[in-house]
Amino acid sequence: MSKRASKQETELRVVHAAELVAEGQAYSSITTLVAAKYGISRRRARQITSNAYLLLKMILKKGT
């Protein structure tokens, strides 16, 4: 059984996914890349990808 990611590790994963969103990658592609890179389930990778979209939305909202 693998260990749980720390809050900091999770935040880094979300930032990485957000960078992929900013590059124009598709949602499903980001999910696949994140799952493979970090050795996590696709379900957890989808959660991280969703959080990445929310992070970018929050950043853009602050900018206006």
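Where only protein heavy atoms count, and the probe is 1.4 Å, what is the accessible area per residue for the chain in Å²?
75 Å²
For the chain, take the longest principal axis of its alpha carbons; what is the angle in degrees between that and the long axis of helix 42-63, to the nearest 10 within 0 to 90?
Approximately 20 degrees, to the nearest 10.
How big is the chain on each of its three principal axes, counting only the C-alpha atoms and giving the largest first in Å?
Reported extents, whole Å, longest axis first: 44, 24, 15.
Ignoring any ligand, DNA or RNA, what whole percent of the accessible area of the chain comes from carbon and sulfur when the probe is 1.4 angstrom?
57 percent
Given the whole protein assembly as supplied and a 1.4 Å probe, what does the accessible area of LEU54 come to in Å², nearest 10?
110 Å²
At 7 Å along Cα-to-Cβ for each site, give me the label-to-label distance between TYR53 and ALA26 in nm.
Here the modelled spin labels are 1.4 nm apart.
Tilt of helix 7-22 relative to the longest C-alpha principal axis of the chain, in degrees (0 to 90, nearest 10)?
Once rounded, one gets 50 degrees.
Using only Cα atoms, tell me the angle between helix 27-38 and the longest principal axis of the chain; keep it within 0 to 90° and round to the nearest 10.
40 degrees
Pulled fully out, how much extra length does the chain show between LYS61 and LYS7, if you take 0.36 nm times their separation in residues and subtract their Cα-Cα distance?
On the way: separation 54, 0.36 × 54 = 19.44 nm, distance 2.39 nm.
Value of the extension gain: 17.1 nm.
The values are calculated or read from the model by the stated rules, or taken from the named source; none is laboratory data. Predicted model, so just to flag it, every value in this text is computed and none were measured. FYI the Cβ positions are ideal-geometry reconstructions off the backbone, even for glycines, and counts take in every protein chain you see. Just the protein is used for accessible areas: all its heavy atoms, side chains included, with ligands, DNA and RNA removed. Shrake-Rupley method; radii C 1.70, N 1.55, O 1.52, S 1.80 Å.
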